[in-house]
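Enquirer: Before I ask anything, let me first share the structure, which is written out below as C-alpha cells.
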Amino acid sequence: MSDDRLIVALDVPNIIAGMDVVDKLGATVSFYKIGLGMLTGGGLALADELKQEHNKRIFLDLKLFDIGATVEAAVKGIAKYELDFLTVHGDPNVVKAAKEGAADSNLKILAVTILTSLDRKDLNANMYKPGNISDLVVERADRAFQAGADGVIASPLESKRIRDLVSSSDKLIVTPGVRPEGAELGDQKRISTPSIAIKNGSNHIVVGRPIIKSSDPKAAAHNILTEIKS
Ligand code: C5P
C-alpha cells in the first residue's frame, strides 16, 4: 500500500466525479477525505465503496457539533461503516460523546480546534475568550486530548506547538493548508509545505486542489509523496 501520510481531499460534488479522481490516482493514493460538500452527492456511499471494495482508508470530515446524546447517536451510526477518521468540533463534551459513540470500533475521533477561516474579530463575535488564536488553538487541542480525542486537525503553523504538548504523545495531528512550493494558494492563508508539516510533527497532510485540479493528478500526488519521503 502507498504512503498513507498523504490524504487527498475529494472535494468534488458527487460519486461519479469522486470515482474519476480515485481512478486517475490509482495505487498512488491510499487515503481519502470525504466531506460535507459531497454529502448530498452520495458521499457516505462512496466512502463505503472505497473502503470495502477498493481497500482505501477514509477520513469522513463532518465536523459534528450538537448535544452529547445526538453526537453519540450520530457517531454510533457512522462507526458501523468501519471508516478510519471522523471529525467533530473540539469541545470536550462533544469529543467525549463522540468517543462513546465510536466505542467498539476502530474509528478515530479527530477534534477541530478553531476553524482556520476565523480571525480574532470572528472569535469576538462568537464570544470566544480573549487571546492570540494560536494560543487558543493549542489550548483547545490540549483539552480535546484530555477529553479522549484520538487526534486534532491543525494548521502546519500550530502542529509543532501541539506536538510539544505532553498530552499529544500517541495522538494524531492531521494537517490541511498544505501547498507544495510554488502551488496556487486558493483561499488558504495559514499554509506550509508538505515536508515542513511532517517535520513539525503532523502524522498526515490533507491536500485537495493542488492534486485534484492538476492536469496530471497522479504526478502531483507522486511529487508530494517524494517530498515527504525525502
Ligand atoms: O484544496 P485544499 O488543499 O485547500 O483542501 C484542503 C481540505 O482541507 C479541504 O477539504 C478543506 O475543507 C479542509 N480543511 C481546511 N482547513 C481546516 C479544516 C479542513 O482546509 N482547518
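The values are calculated or read from the model by the stated rules, or taken from the named source; none is laboratory data. Only a predicted model underlies this, so the values are computations on that prediction, with no experimental measurement involved. Positions of Cβ are backbone-derived with ideal geometry, glycine not excepted, and every protein chain shown enters the neighbour counts.
Enquirer: So the check is Cβ under 7 Å with 6+ separation or different chains; which pairs have a first residue in segment 45-65 that's basic (K, R) and a second one that's away from the ligand (no atom under 14 Å from the Cβ) and assigned to a helix (DSSP H, G or I)?
Expert: Short answer, once both residue conditions are applied: K56/L50.
Enquirer: Can I ask one more? Scan segment 107-117 for residues that are within 16 Å of the ligand (Cβ to nearest atom) and more than 15 Å from G90 (Cα to Cα) and jot them down.
Expert: Scanning segment 107-117 gives a single hit, S117.
Enquirer: Just name the residue that is nearest to S159 (Cα to Cα) out of those in segment 187-220 that are within 11 Å of the ligand (Cβ to nearest atom) and charged (D, E, K, R).
Expert: R190
Enquirer: Hey, another quick one. Identify, by number, the condition in (1) under 17 Å from the mean Cα position of the chain (by Cα); (2) at positive phi that G42 doesn't meet.
Expert: Failing condition for G42: (1).
Enquirer: Test L110 against the criterion of being assigned to a strand (DSSP E or B), aliphatic (A, V, I, L, M), modelled with pLDDT of 95 or more and under 17 Å from R140 (Cβ atoms), and give yes or no.
Expert: yes
Enquirer: What number goes with the only condition from (1) in contact with a Phe, Trp or Tyr (Cβ under 9 Å, 6 or more places away or on another chain); (2) within 13 Å of the ligand (Cβ to nearest atom) that L172 does not pass?
Expert: (2)
Enquirer: Taking segment 22-44 on its own, how many of its residues are part of a helix (DSSP H, G or I) and over 22 Å from S2 (Cα atoms)?
Expert: Residues in segment 22-44 being part of a helix (DSSP H, G or I) and over 22 Å from S2 (Cα atoms): 8 in total.
Enquirer: A further question on this structure: Scan A47, A98 and give me the residue that is surrounded by 19 or more Cβ atoms within 10 Å (Cβ to Cβ), away from the ligand (no atom under 16 Å from the Cβ) and not in a loop (DSSP other than H, G, I, E, B).
Expert: A98
Enquirer: Taking interchain pairs and intrachain pairs at least six residues apart, which have beta carbon atoms under 8 angstrom, with the first residue in segment 204-222 and more than 12 Å from R179 (Cβ to Cβ) and the second among the aromatic types (F, W, Y) and away from the ligand (no atom under 11 Å from the Cβ)?
Expert: What qualifies is H204/F31.
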